[in-house]
Amino acid sequence: MRLSKLFTKTSKTTPADETAKNAQLLIQAGFIHKEMAGVYSYLPLGLMVIENIKAIVREEMNGIGGQELIMSGLQPKELWETTGRWSDETVDVWFKSKLKSGAEVGFGWTHEEPIVETMKQYVDSYKDLPANVYQFQTKLRNELRAKSGIMRGREFVMKDMYSCSTDAQQHEAFYQATIAAYNRVFERVGLGIDTYVTFASGGAFTQFSHEFQTICDAGEDIIYINREKGIALNEEVLNDKTLADLGVGRDELEKVKSAEVGNIFNFGTQKSEQMDFAFTNEQGERQYVHLGSYGIGITRLMGVIAEKFADDKGLVWPESVAPARVYIARLGDDETVTAEADKLYTLLTANGVSVLYDDREVRPGQKFADADLFGIPHRIIISEKTVAAGTFEYKSRVSDTAEAITLDDVGKMLGLSTSQLL
């Protein structure tokens, strides 16, 4: 992408109505636009980050047998009444409305009930199981307070997956496979070392659940962790019984602030019984399907990454999710400089390297400041000085030291072969 063609612009001014660092920086860098409290639009650079996160999650979900679909956002009242979750006393985050016909509808805050109703049409026999489906979809939740920027909103993108199994054993195998896949996701986006599988309450979903909590000062949760044993539990379930079940003493736990980036729930057969979701086993007997639900907040994850890695200059994206791997800054409008910058941009993009090319007619200082704000991992500067020397000036986003490198160095850094650079 050429920055001269990008409609968004950076801002030196911190948004007055934002207190969360992630939202402040993302708005300043032109990644998101605030529509209202808790509601954000994702602009081209922000969408690139979202799509990179989704690609990692999609790969891991496909790897454990997930099949992608997308469900409708509008939900009929009658469907949710079968499980008692239409009630505002049970679920207090519904957005609800009426069709012109008078029928009541809700806007999807989760999709267990619709998924079950859909899967009922296709699952009849044990031969149809296991079946595991997932989607990336915008969820709507009428939160009392929308805060923490994109880490908690009234509208957000979630990856939600649902498993249908024949029995508890088959369900548990997939449940554990999902835990492993989630851990790989968080490792790949740069949060692995600070993210814990956390024992927690299930809230409006089920009695107990497992959360994936990332240590983060801007987080809204309190968890207790034992780093050596890899044990974590949410403050809401901190009691003697839970400690005994986990085999850890209260004095062995460290209290930290955290942000929930994922969660998984085991419904057993409760919801299947409520909605009459059954199959015929090998003996010809009718049995209820074992269900599980697994979520990752995609936009929330983006916000947590922004919070965790930002510094006093701006965003700092891990290479796996950055909107581009390389930022090329062309200094000046000398013909030889322009030709050399264009050549490198064309070469890298032709070899599949994502590049943000700053070809704008602005001062070098603004380009450098914007490069820091954007948070692109690798910065390559091309100027009359570098052209004369036959090199490029290179600086990583996390280093204050610039160095002269050659085209071969660029290739090695980005994993390109010599033949690709010719």
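The values are calculated or read from the model by the stated rules, or taken from the named source; none is laboratory data. These numbers come from a predicted model, not from an experiment. Neighbour counts are summed over all protein chains in view; Cβ atoms, including those assigned to glycine, are modelled from backbone coordinates with ideal geometry.
For the reader, a short list of remarks on this structure follows.
- Residue match in region 129-145 (condition: more than 30 Å from Ile53 (Cα to Cα) and not aromatic (Phe, Trp, Tyr)): no
Each row is one residue, and each column tells you yes or no for (1) touching a Lys or Arg at 6+ places or on another chain (Cβ under 8 Å); (2) more than 21 Å from Ser272 (Cα to Cα); (3) modelled with pLDDT of 95 or more.
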position	(1), (2), (3)
Val91	yes, no, yes
Lys98	no, yes, yes
Lys120	no, no, yes
Val133	no, no, yes
Thr138	no, yes, yes
Lys147	no, yes, no
His171	no, no, yes
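- Selection within region 1-23 - assigned to a helix (DSSP H, G or I) and among the acidic types (Asp, Glu): none
- Qualifying residues in region 1-36 (those that are at pLDDT below 95 and closer than 30 Å to Asp342 by Cβ) - the one surrounded by the fewest Cβ atoms within 10 Å (Cβ to Cβ): Lys12
- Checking Asp358, Asp372 one by one, the residue that is closer than 22 Å to Lys12 by Cα, acidic (Asp, Glu), out of contact with any Pro (no Cβ under 6 Å at 6 or more places or on another chain) and crowded, with 21+ Cβ neighbours inside 10 Å is Asp358 and no other.
- If you go through region 235-267 and keep only what is under 21 Å from Leu301 (Cα atoms) and either in contact (Cβ under 8 Å) with a residue 60 or more places away in the chain or under 21 Å from the mean Cα position of the chain (by Cα) (or both), you end up with Lys257, Ser258, Ala259, Glu260, Val261, Gly262, Asn263, Ile264, Phe265.
- Filtered residues of region 111-150 (kept if assigned to a helix (DSSP H, G or I) and small (Gly, Ala, Ser)): Gly149
- With respect to being surrounded by 12 or more Cβ atoms within 10 Å (Cβ to Cβ) and over 18 Å from the mean Cα position of the chain (by Cα), Pro44 falls outside the description.
- The criterion of at least 1 residues that are closer than 30 Å to Trp109 by Cβ is met by the following strands (runs of 3 or more DSSP E) wholly inside region 263-351: 278-280, 286-288, 290-297.
- Of the residues contained in region 198-208, one or more are found to be among the polar types (S, T, N, Q), more than 17 Å from the chain's Cα centre (by Cα) and closer than 19 Å to Arg300 by Cα.
- Any hit, region 52-59, residues being in a helix (DSSP H, G or I), at negative phi and touching an Asp or Glu at 6+ places or on another chain (Cβ under 9 Å): yes
- Residue within region 370-389 that is polar (S, T, N, Q) and within 34 Å of the chain's Cα centre (by Cα) present: no
- Looking across Ile223, Ile231, Ile296, Ile328, one residue alone is surrounded by fewer than 23 Cβ atoms within 10 Å (Cβ to Cβ) and either within 29 Å of the chain's Cα centre (by Cα) or of a type in the set (Asp, Glu) (or both). It is Ile231.
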